[in-house]
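Below: one structure, written as structure tokens.
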Amino acid sequence: MRRERSTTWRNIASSCGIIFLTLALSACGRNMFDQPKAELYEASPYFSDGSSARPLVEGTVSRQRGSIDATYVSGQDENGLLSELPIPVSLGLLQRGQERYNIYCSPCHNYSGDGQGMIVQRGFPSPTSFHDQRLRDATVGYFYNAMTNGFGRMLSYASRIPPEDRWAIAAYIRALQLSQYATLEDVPEDIRLELLQSQGAIR
Amino acid sequence: MPQYFPPNANAFARWTVYGGILFVVLLAVSLTVFARTTNNRVRVPVEQPIAFQHSLHAGELGIDCRYCHSSVEVAAAANIPPTETCMTCHSQIRVGTPQLAGVYASWENEMPIRWNRVHDLADFVYFNHSAHIGSGVGCSSCHGRVDQMDGIWKAEEMSMGWCLECHRAPEKFLRPRSEVFNLAYEPPADQLALGHELVETYHINTEKLPQCSTCHR
């Protein structure tokens, strides 16, 4: 009787030992959490600026559409800045332009284009209103060029806005300019009534 | 015939079986616990080299997330803005103030600002922002009210259990694409009806979502 109990305890002890050894053998390191590869934004002691991300080599050619069509990307041809959009205008293009304009331009140029956006109210120099006669007479290429190469104290937006979207914004600025001088006759007939009612002009 | 095994080998064999069962149970429990753990903390702001405030820029000034995180709709990563993006405004605004010294030093020395990461999934997990943005998952579903945070913190634990909560039933969380960047969005009362409709219109493959290979590949 006495002997049996002690063997039972020995067995329990050895079983626990085996379980422990099995667990100890299985890998518990966290080296898979941070693998020896450069993830985005990971620091790297290898390069002098401490960053694993490398700037583009000079002369790198983009494989996107624009690289084939130099006029489309630069917004200029042999006669200077383009006066016509190089892509067809559609409602979709204008809506895309509106969305992008509101993200990237409205902080300074304001939603209406009058140049009194939130950042201007906080001290940024005020840009000329897009409804100024000089800018109403400017070509679409002029707006495209300002986004691409910057303009005076405004830095370039080329790194954040691809050429397609820059053309869409240029088209939308044109629409904004029209909007400020629109008359009732420019409104399609079927929604004129609705517009007047919403303005409280008629009941 | 000589006996190869002493009598107590029977007990040993029995206990090996018990041990095996215990091992399987322990493994299952620890895996379940592991799946719910993460490697960094929730709701604790991370120390940054420059006291950049989302509550000021994204909240008070109302700058769109994409002004700075411009690749979030098209790439796996929502990029951290380069110093050039700060300089589009700070070339004129509050020039020379001590709070911005780090930005100007970075601009002049052409050395990137060393922001500390707030979110960092394990390297064996694949994640893609554009897939979520395009399917109507709002920033605030994962990052919380960033526009009210001074310094950014992790709003959710971002463990596997948390990801799966949505991947198993995305209809509970989806919103129209137009509301993805609206951090103040409140789900409507009939969220499930809207959610099922959006799963249809955005062609979300609900069968693929909870599978291991979606995130581990």
Accessible area per residue in Å² at 1.4 Å probe, computed on the protein assembly as shown: 64
Averaged over its residues, how many other protein chain Cβ atoms are within 10 Å of peptide A:7-19's Cβ atoms? 5
Hull surface over four for the Cα convex hull of the protein assembly as shown, reported in nm², is 35.0
Residues of region B:1-26 losing 40 Å² or more of accessible area relative to the isolated chain, 1.4 Å probe, heavy atoms only? B:8, B:12, B:15, B:23
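How much of the accessible area of chain B, probe 1.4 Å, is carbon plus sulfur, in whole percent?
Values: 8040 of 13380 Å².
About 60 percent, which is the carbon plus sulfur part of the accessible surface.
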A 1.4 Å probe over the protein heavy atoms gives chain A a carbon and sulfur accessible-area percentage of 57
Using a 10 Å cut-off on Cβ atoms, rank the peptides B:183-193, A:95-105 from the highest mean neighbour count down. A:95-105, B:183-193
Heavy atoms of residue B:27: accessible area, 1.4 Å probe, square angstrom to 10: 80
Which value does Rg/Rh take for chain A over its C-alpha atoms, Rh per Kirkwood? 1.40
Other-chain or far-sequence residues with amide H under 5 Å of residue A:51's (modelled H): A:44
What is the average number of partner chain Cβ atoms found within 10 Å of a Cβ in B:118-126? 3
How high is the relative contact order of chain A, given as a whole-number percent (alpha carbon pairs under 8 Å, six or more residues apart)? 17
Lys/Arg +1, Asp/Glu -1 at C-beta; chain A dipole; positive extreme among A:44, A:140, A:163: A:44
Using a 1.4 angstrom probe on protein heavy atoms only, which residues from region A:95-116 are buried by at least 40 Å² of accessible area when all chains are present rather than their own chain alone? A:103, A:104
Need the C-alpha centroid separation for region A:137-195 versus region B:154-202, integer Å. 34
Residues hit by the 30 Å² burial cutoff in region A:142-165, accessible area with a 1.4 Å probe, assembly against chain on its own, are A:153, A:155, A:157, A:160
Note, ³J(HN,Hα) from phi for region B:144-159, Karplus 6.51, -1.76, 1.60, rounded to Hz, x at Gly and Pro: x, 7, 4, 5, 10, 9, 6, x, 6, 10, 6, 7, 10, 6, 6, 8
Quick one: which residues, 5+ away or cross-chain, put their amide H under 5 Å from the amide H of residue A:77? H built at 1.01 Å from N. A:82
Please calculate the 1.4 Å probe accessible area of residue B:132, with all protein chains present, and give it to the nearest 10 Å². 50
Please quote Rg/Rh for region A:75-189 to two decimal places, taking the Kirkwood radius as Rh and restricting both calculations to Cα atoms. 0.96
Taking Cα pairs under 8 Å and at least six residues apart, what relative contact order does chain B come out at, in percent? 25
So what's the back-of-envelope 222 nm ellipticity for chain B, counting only DSSP H runs of four-plus at -39500 (n - 2.57) apiece and dividing by all residues, rounded to 500? -11000 deg cm²/dmol
What is the gain in length, in nm to one decimal, between residue B:84 and residue B:55 on full extension, counting 0.36 nm per residue of separation less the C-alpha to C-alpha distance? 8.4 nm
Which is farthest toward the positive dipole end of chain B among B:153, B:71, B:17, measuring Cα position about the Cα centre, with Cβ charges +1 (Lys, Arg) and -1 (Asp, Glu)? B:17
Chain pair A, B: total accessible area buried, heavy atoms, 1.4 Å probe, Å²: 3500
Which ³J(HN,Hα) values, rounded to whole Hz and listed in residue order, are derived for region A:86-103 from phi using the Karplus coefficients 6.51, -1.76 and 1.60 in 6.51 cos²θ - 1.76 cosθ + 1.60 with θ = phi - 60°, glycine and proline given as x? x, 10, x, 8, 9, 4, x, 5, 5, 5, 4, x, 4, 4, 5, 4, 5, 6
If R0 is 45 Å, what FRET efficiency do you get for residue A:151 and residue B:217 from their C-beta distance, rounded to 0.05? 0.50
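The values are calculated or read from the model by the stated rules, or taken from the named source; none is laboratory data. Note that the coordinates shown come from a computational prediction; the quantities given were computed from them, not determined experimentally. Every residue, glycine as well, gets a Cβ built from its backbone with ideal geometry; the counts of neighbours run over all protein chains shown. Only protein heavy atoms, including side chains, enter the accessible area calculation; ligands, DNA and RNA are left aside. Shrake-Rupley method; radii C 1.70, N 1.55, O 1.52, S 1.80 Å.
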